[in-house]
Amino acid sequence: MLELGVDVEWRMYDKEPLSKRELEALIGTRPVEDFLNPRSTPFRKLGLKGKALSKREALRLMLEDQNLLKRPLLVKGDTYIFGLDEEAYRAL
């Protein structure tokens, strides 16, 4: 990202997991489904495809296994970019 001129603070979920408070603040009023990674192994193992999860249940699952979160996640103000989207990064 530095080569794109985007100054970022990296956070490795496996070494420094998000707290419940951080995850709740990150999601805010956005749909929790936006944060779940349907291609992740835990998502598939839990059989979550097509299931409607409550925000509470989704938060619990993401806190138990942060591999359920889409990555990378870039946050700048109110803008959220999921995945490697060079065009979106350049637009920042």
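Points worth noting:
- Qualifying residue in the stretch 55-69 (condition: on the phi > 0 side of the Ramachandran plot and free of Cβ contacts under 8 Å to residues at least 60 places away in the same chain): no
- Test: residue in the stretch 61-80 that is of a type in the set (Phe, Trp, Tyr), in contact with a Lys or Arg (Cβ under 6 Å, 6 or more places away or on another chain) and modelled with pLDDT under 90: no
The values are calculated or read from the model by the stated rules, or taken from the named source; none is laboratory data. On a predicted model such as this, the values are computed, not experimentally measured, just so you know. Here Cβ is always computed from backbone atoms with ideal geometry, including for glycine, and neighbour counts include all displayed protein chains.
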